[in-house]
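Each remark here refers to the structure printed beneath this line.
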Amino acid sequence: MFSWRKQTQPASSSTRTGRRPGQSARERQTQLQQAAPIKTFFTRLLGMKTEEWAWGRGAAGEERVGGLLEPLREQGWAIEHDVKIGANGANVDHLLIGPPGVFVLNTKYVAGNVWVAGPHLQIRGQPTDYLEKAEAEAKRIREKLMSATRRQALWVQGLLVFVEPVLKVKFQPRHVAVVTDATLLPFLRQQPQKLGQYELDELVQAARREDTWQ
């Protein structure tokens, strides 16, 4: 377990942080609900899996993971949720910066079979592009933070976090780690220290600045 002093807030008041876990997904769910309240009522009553349902389930997964991450703050980690990047609506579910480095989390609420073998990932027997998207997110965060801090190198780990899955990992992918909500904190806590205090402070302040993510 890491023992590290808490991070200080940067002076800038222009940020994209301070958002709640799953905030964008909840906002989208609310928009769909308000646009068709009667439809929403009956589809929920009948247990139908609509677009509104999917956004709500996604939000619930991010909220679950967000709550699990909170204890890390006392161990010197900075945690940002629903980080918006650029002007096209893209966002990262959770961004963590701590003594072991930078972690970019993509959360999926999948109560079913998840099978992973290196670069191959299947949900209930169907292939998905989740690994590719998680890797692209981590790469984009890495580029943004390197540009903001003028670093020549930066290690960033992509994490694909499944909530309530039946997960079977034959072997982990090369660039993205696949974990569950139950194994997420043990995974993070066992990572070796990679950042000194100055590097940590610099990266946290960069992550909280508006211009970093434009």
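The values are calculated or read from the model by the stated rules, or taken from the named source; none is laboratory data. Since this is a predicted model, take the numbers as computed values, not measurements. Neighbour counts are summed over all protein chains in view; Cβ atoms, including those assigned to glycine, are modelled from backbone coordinates with ideal geometry.
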What's the number of the condition Glu63 fails, among (1) in contact (Cβ under 8 Å) with a residue 12 or more places away in the chain; (2) under 30 Å from Gly101 (Cβ atoms); (3) surrounded by fewer than 18 Cβ atoms within 10 Å (Cβ to Cβ); (4) among the charged types (D, E, K, R)? (3)
Go through (1) touching a helix residue (DSSP H, G or I) at 6+ places or on another chain (Cβ under 7 Å); (2) surrounded by 14 or more Cβ atoms within 10 Å (Cβ to Cβ) one by one and return the number of the condition Phe162 breaks. (1)
Among the listed residues Gln191, Gln152, which satisfies the condition of being in a loop (DSSP other than H, G, I, E, B) and in contact (Cβ under 8 Å) with a residue 24 or more places away in the chain? Gln191
Just for region 116-131: of the residues that are more than 11 Å from Leu167 (Cα to Cα) and either of a type in the set (Asp, Glu) or within 19 Å of the chain's Cα centre (by Cα) (or both), which one is surrounded by the most Cβ atoms within 10 Å (Cβ to Cβ)? Leu131
For region 94-115, give me each residue that is among the small types (Gly, Ala, Ser) and either part of a strand (DSSP E or B) or crowded, with 21+ Cβ neighbours inside 10 Å (or both). Gly98, Gly101
Determine which member of the set Ala90, Ala59, Ala54, Ala111 is within 13 Å of the chain's Cα centre (by Cα) and modelled with pLDDT under 95. Ala90
